[in-house]
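A.B. asks: First the structure, which I've put down as C-alpha cells, then a few questions once you've had a look.
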Ligand code: AGP
C-alpha cells in the first residue's frame, strides 16, 4: 500500500521524509517521491527506483523545513515517474500526496477538462490538486473541504500550497493517517512507525476530519470545519522495534520472534492459569451465542480457521470463517444472537474494515483481534483484544499468525469455560500445554538446518503441494500462502482426503508434497494417503508431532516436539515459514518486499 510522510518544523525536511519513507518501505511500493518548498517554489523529485536513489536526486535541492513524501503502490496508472507522487495542479500552486482510490476520478477528470485543465499522469490522484485549485478562494482548508466533498472512494491526503510554507493540510477517509506532535515540529504519516524516531505523541485523525499543521501547533477540525480537540496519545514504543537487529531480513527476525511473541500473548491473557479478557460480553451473552462468524483476509483468515476448530470442538457453537472480501458483498445472514470476530494484523485492511462497519450498522455483537493499537479496526470495534507480536514489517506474516492462533485458541477456551459444556480438566490441560508452547517453538526454530536442506531441494520446483486433514489442512493453507507469496513458486493446499477427487492428477514423478500429520485419530488415513501419492512418484516430506510415526512411508520425516493435538499448528507452521524463507533466499528474491504485495491492503 502507499505510504505518506509529511513534515513541518525546524529541521531539514528531506532528512525526515527520507527516514520516514524508509520505515514505510515494508508496505510495498513501486515508485516514490518528495516535495519540499523553498522560496515559494516546489522542489519535487520522483523515481521508480528504491528510496535510497532519492538521496542522490535531492542532493542539489535547497534545505527546506516543510515537505511531503510518498511511496506509491500502483493502482491506477502504470509504474513510471509521471505517475509517482507527489502530484501538482496545472498551475503548480498546490502539491498533494494520496493513499487510497478515488472511484469517481474519471468524471472529475472530465469536469476539470471542461474547465481547461490538462492531465499528465494516468493516476486518479491528479484530479485532487486541480480540484483544490478550482475550489481555492484564499483558504486552503476550505478549498480542501470543498474538494474532498467531491471525492468518492478512499483517501489519506497531505497537501501544501507553494507560496505558503507554513502549513500542511491533512485529511482522510477510509485510508489511515496519523498526526505526530513534536517540539516545534509536526508530522503526518500513514502509520506511526515512520515518525516514532521523532515523536511518540500521536493524534488520530478520524474519517472526514482535517488537521492543519504549523511548525508550532496542530489544529483539528471536524467534517464541517468546526475546530475540535483531539487527544494526543503517547504510543508505547517498546513494542515497536522496526530494526533488523542483525538478521538479514525482517522476515527471518520475525520468524525467530515467534517464541517471544507467543509468550507475550499468553502472558497478557492467561494469568496464573486463569483467562482474562477485558471485553464487554457478559456470561449470559456468551451462553446465548447461537452462531459465530470469523471474518478476515489472507493469513489472518487462516488463523481464524484454527478458531473454528477450537470453538466448535469445545463449545459446539457453529462457526463459519469468511473471507472479508466475500462477506461484505453477500448480504450475510446475521441474527441478534450471533457474534462476529474480526482478525487483522494491521487493523487497516479495507475489506475487513468494511465488514466491521456492516456488522456495526446491524448492531451485531462483535470483537476484533488486532496487532496494531490505534489502528482503524481497533478504534472502530466495540471489543478488542491484542496479539502481542510487536511491529511486523515483512509483508509475509509469520509471528502475527502465531499470535493470532494463540489468541483465538485462548478465546475459544474462554468461551468454552463460560458455556460449561466441557469438563474443565481437558480445557485446563490445553491451557497448561499452551504455556509450554513458547519453549517448544524455540526447539523447532533451532532445527533450522533441516529446513534449509529441504528448501535447497525444492527451490527450483514449479509446483509444491501442502497436504493435511483437519487442523493440518489449515496449516497447509498458510504454509502454501507463505511459499507462493515470497518465492513465487506455485503451491496449493488440499485436504488430504480430497486429493483423489481430482488434484492427484497433478502428482507426477518427484512432485514435492509437504504433509502435516499431527492427529492420532487420522494417522492411518494420512499414511494411506501418503502411499497413494508416493505410488505416483511424489517426494514426500512429513512434519509430525507423533513420535511413533512410521519411518518407512515418506522420503523425509521431521519429528517436532510432542504437543496437545489442538495446538499443533503452533509448531507445524514454524518449519513452513522457514522453508518458504530459505527457498526465497536461494532464489535471490526480495524476502521482505515481494512483488505486487503490500503489508496492509488498505484499498479494495
Ligand atoms: C500474509 O502473509 C499477507 N501479508 C496477507 O495475506 C495478510 O495476512 C492479509 O492481507 C490480512 O492482513 P491483516 O491481517 O493486516 O488484515
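A.B. asks: State yes or no: is residue 381 more than 11 Å from the ligand (Cβ to nearest atom) and either under 30 Å from residue 180 (Cα atoms) or touching a residue at least 12 places away in the same chain (Cβ under 8 Å) (or both)?
C.D. replies: Values: more than 11 Å from the ligand (Cβ to nearest atom): yes; either under 30 Å from residue 180 (Cα atoms) or touching a residue at least 12 places away in the same chain (Cβ under 8 Å) (or both): yes.
Against the criterion (more than 11 Å from the ligand (Cβ to nearest atom) and either under 30 Å from residue 180 (Cα atoms) or touching a residue at least 12 places away in the same chain (Cβ under 8 Å) (or both)), residue 381 qualifies.
A.B. asks: For region 74-88, enumerate the residues that are part of a loop (DSSP other than H, G, I, E, B) and surrounded by 22 or more Cβ atoms within 10 Å (Cβ to Cβ).
C.D. replies: 84, 85, 86
A.B. asks: Restricting the search to region 285-303, which residues are in a helix (DSSP H, G or I) and away from the ligand (no atom under 16 Å from the Cβ)?
C.D. replies: Of everything in region 285-303, those that are in a helix (DSSP H, G or I) and away from the ligand (no atom under 16 Å from the Cβ) turn out to be 285, 286, 287, 288.
A.B. asks: Only one residue in 246, 273 is without any contact (Cβ under 8 Å) to a residue 24 or more places away in the chain and loosely packed, with under 13 Cβ neighbours inside 10 Å. Which one?
C.D. replies: 246
A.B. asks: Quick check on my filter: what residues within region 202-222 are modelled with pLDDT of 95 or more and not in a loop (DSSP other than H, G, I, E, B)?
C.D. replies: 210, 211, 212, 213, 214, 217, 218, 219, 220, 221
A.B. asks: Then there is this: Residue under question is residue 578, and the condition is that it be in contact with a helix residue (DSSP H, G or I) (Cβ under 6 Å, 6 or more places away or on another chain), within 16 Å of the ligand (Cβ to nearest atom) and either without any contact (Cβ under 8 Å) to a residue 60 or more places away in the chain or not in a loop (DSSP other than H, G, I, E, B) (or both); does it hold? Give the derivation first.
C.D. replies: Working: in contact with a helix residue (DSSP H, G or I) (Cβ under 6 Å, 6 or more places away or on another chain): yes; within 16 Å of the ligand (Cβ to nearest atom): yes; either without any contact (Cβ under 8 Å) to a residue 60 or more places away in the chain or not in a loop (DSSP other than H, G, I, E, B) (or both): yes.
So residue 578 passes the test.
A.B. asks: Looking at the structure I just gave you, is residue 306 free of Cβ contacts under 8 Å to residues at least 60 places away in the same chain, buried (at least 22 other Cβ atoms within 10 Å of the Cβ) and either within 16 Å of the ligand (Cβ to nearest atom) or under 29 Å from residue 468 (Cα atoms) (or both)? Reasoning before the result, please.
C.D. replies: Details: free of Cβ contacts under 8 Å to residues at least 60 places away in the same chain: no; buried (at least 22 other Cβ atoms within 10 Å of the Cβ): yes; either within 16 Å of the ligand (Cβ to nearest atom) or under 29 Å from residue 468 (Cα atoms) (or both): yes.
Judged against the criteria, residue 306 is not a match.
A.B. asks: Further question on the same structure: Based on this model, can you work out whether residue 125 counts as in contact with a strand residue (DSSP E or B) (Cβ under 7 Å, 6 or more places away or on another chain), outside any helix (DSSP H, G or I) and surrounded by fewer than 21 Cβ atoms within 10 Å (Cβ to Cβ)?
C.D. replies: Answer is no for this residue.
A.B. asks: Something else now. Is it true that some residue in region 253-264 is closer than 19 Å to residue 383 by Cα and buried (at least 19 other Cβ atoms within 10 Å of the Cβ)?
C.D. replies: No, the conditions are met nowhere in region 253-264.
A.B. asks: Sort out which residues of region 469-482 are more than 16 Å from the ligand (Cβ to nearest atom) and on the phi < 0 side of the Ramachandran plot, and write them in order of number.
C.D. replies: Within region 469-482, 469, 471, 472, 473 qualify.
A.B. asks: Same structure, new question: Return the only residue of 555, 590, 548 being within 16 Å of the ligand (Cβ to nearest atom) and without any contact (Cβ under 8 Å) to a residue 60 or more places away in the chain.
C.D. replies: Exactly one of 555, 590, 548 is within 16 Å of the ligand (Cβ to nearest atom) and without any contact (Cβ under 8 Å) to a residue 60 or more places away in the chain, namely 590.
A.B. asks: Looking for whichever is at negative phi, surrounded by fewer than 18 Cβ atoms within 10 Å (Cβ to Cβ) and more than 16 Å from the ligand (Cβ to nearest atom) here; the options are 208, 267. Which one fits?
C.D. replies: It is 267.
A.B. asks: Does residue 583 meet the test of being at pLDDT 95 or above, touching a helix residue (DSSP H, G or I) at 6+ places or on another chain (Cβ under 9 Å) and either within 16 Å of the ligand (Cβ to nearest atom) or not in a loop (DSSP other than H, G, I, E, B) (or both)?
C.D. replies: yes
A.B. asks: Right, here's the next one. Could you run through region 465-484 and say how many residues are touching a helix residue (DSSP H, G or I) at 6+ places or on another chain (Cβ under 8 Å) and over 22 Å from residue 519 (Cα atoms)?
C.D. replies: Counting residues in region 465-484 that are touching a helix residue (DSSP H, G or I) at 6+ places or on another chain (Cβ under 8 Å) and over 22 Å from residue 519 (Cα atoms) gives 3.
A.B. asks: Taking helices (runs of 4 or more DSSP H) that fall entirely within region 390-464, which contain at least 2 residues that are closer than 16 Å to residue 309 by Cα, in contact with a helix residue (DSSP H, G or I) (Cβ under 7 Å, 6 or more places away or on another chain) and within 16 Å of the ligand (Cβ to nearest atom)?
C.D. replies: The helices (runs of 4 or more DSSP H) meeting that bar are 399-419.
A.B. asks: Is at least one residue of region 484-494 at pLDDT below 95 and out of contact with any strand residue (DSSP E or B) (no Cβ under 9 Å at 6 or more places or on another chain)?
C.D. replies: The answer is no, given that none of the residues of region 484-494 is at pLDDT below 95 and out of contact with any strand residue (DSSP E or B) (no Cβ under 9 Å at 6 or more places or on another chain).
A.B. asks: From the set of residues in region 33-53 that are under 13 Å from residue 68 (Cβ atoms) and in contact with a helix residue (DSSP H, G or I) (Cβ under 6 Å, 6 or more places away or on another chain), which is surrounded by the fewest Cβ atoms within 10 Å (Cβ to Cβ)? Spell out how you get there, then give the answer.
C.D. replies: The first filter runs over region 33-53 and keeps only residues under 13 Å from residue 68 (Cβ atoms), leaving 33-37, 42-46.
When the remaining residues are screened for being in contact with a helix residue (DSSP H, G or I) (Cβ under 6 Å, 6 or more places away or on another chain), the result is 34, 36, 45-46.
Values: 34: 28, 36: 28, 45: 23, 46: 21.
Applying the filter and picking the extreme gives 46.
A.B. asks: May I ask you to verify whether residue 7 is in contact (Cβ under 8 Å) with a residue 24 or more places away in the chain, buried (at least 22 other Cβ atoms within 10 Å of the Cβ) and part of a loop (DSSP other than H, G, I, E, B)? Spell out how you get there, then give the answer.
C.D. replies: Numbers: in contact (Cβ under 8 Å) with a residue 24 or more places away in the chain: yes; buried (at least 22 other Cβ atoms within 10 Å of the Cβ): yes; part of a loop (DSSP other than H, G, I, E, B): no.
Considered against the rule, which asks whether it is in contact (Cβ under 8 Å) with a residue 24 or more places away in the chain, buried (at least 22 other Cβ atoms within 10 Å of the Cβ) and part of a loop (DSSP other than H, G, I, E, B), residue 7 comes out as no.
A.B. asks: Related question: Regarding region 339-349, can at least one residue be identified that is surrounded by fewer than 21 Cβ atoms within 10 Å (Cβ to Cβ) and more than 16 Å from the ligand (Cβ to nearest atom)? Please lay out each step first, then the result.
C.D. replies: First pass over region 339-349, keeping only residues surrounded by fewer than 21 Cβ atoms within 10 Å (Cβ to Cβ): none.
No: zero hits.
The values are calculated or read from the model by the stated rules, or taken from the named source; none is laboratory data. Everything numeric in this text was worked out from a predicted model, so none of it was measured. FYI the Cβ positions are ideal-geometry reconstructions off the backbone, even for glycines, and counts take in every protein chain you see.
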